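This report refers to the structure that appears directly beneath it.
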Amino acid sequence: MKENLFSLLEKGSQLTVEEMTMHIVMSLILGFVIFISYKLTHTGTIYSKKFNTSLVILATLTGMVMTVIGNNVALSLGMVGALSIVRFRTAIKDSRDTVYIFWAIIVGICCGVGDYAIATIGSIAVFIITFVLGRIKNDERILIIIRAGKVLERNVEAIVFKYFDRKAILKVKNTTQDSVEFIYELSNKTYKIVNKKEKNITDLLYELGAVEYVNIVKQSDEISG
C-alpha cells in the first residue's frame, strides 16, 4: 500500500522537448493576445505598460510551472506550499485588472497541460467580451466644493438645492465658528444639463457676497487612490 502511494505521488508525464516548447510558446502567444486586449480596453492614465507586460510574463510563467508539474502529485503539492508563502501586496487600480490576472493564469494552466483548444477558444471569447464591454466606464462625477461665511449656510443650501433640482447630493459639510464648507456630488450628465441655464451656479453663489471659493472638480475612473 505504501509503495503504491509513493508511486502515485512520484508519477509524472514524460514530455518531449517539442511538447514542452509548444506549451511555453502557446502560453506566450496567448499572453500577447491578453496584452492587446488590455491595451485596447484601458486608456489614459489608468493604462499601465508595466502591468500589461507583466500579464504576458505571468501567462508564460504559469505555463512553465504547469509543464514542470505535469501529473506529478508530489511536485504539485510542493509547488502549492512554496507559493503559499508568497504574499502579494500590489494595489489593483482597476477592478478589471483582476480579470486580466486570472485570464493570464488560466491561459498558462491550459497551455501547460496541453489544452490549447480550450485556451484559444476561451481567449477569443474573453477577448470579444472585454472589447465590447471593457471600454464601458462609470458615469463621471462632479464635485462642487463651496466655502462661505457661517451666516450664509442656509442660503447656499437653498441655492444648490434649487439650481440642481434636488439632484446634488450633499457628501460633506464642515463647519467652524465663522465658516462652512460644503461638498456636493452629482453626475456629469446632470451637471451639463442644468449648467445650460442663463446663470451658472458659481455666479449665483458669489452674488451672496461672503463666499470664499467655489471649486468644481471632475472625478472619473482614472483617479485612483
Any residue in the stretch 183-196 that's among the β-branched types (Val, Ile, Thr): show its pairings with residues that are assigned to a loop (DSSP other than H, G, I, E, B) at Cβ separation under 6 Å, as long as the two are six or more apart or on different chains. Thr190/Lys167; Val194/Phe164
Tabulated pairs, the stretch 21-48, first farther than 21 Å from Gly114 by Cα, second of a type in the set (Lys, Arg) and assigned to a helix (DSSP H, G or I), C-beta under 8 angstrom, 6+ apart or interchain: Thr41/Arg96; His42/Arg96; Tyr47/Lys39
For residues in the stretch 166-199 being closer than 20 Å to Arg147 by Cα and hydroxyl-bearing (Ser, Thr, Tyr), which is surrounded by the most Cβ atoms within 10 Å (Cβ to Cβ)? Tyr184
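All of the numbers you see were taken from the coordinates with simple rules; none came from a lab. Being a predicted model, the structure only gives us computed values, none of them experimental. Glycine also receives a Cβ, built like all others from the backbone with ideal geometry; neighbour counts cover every protein chain displayed.
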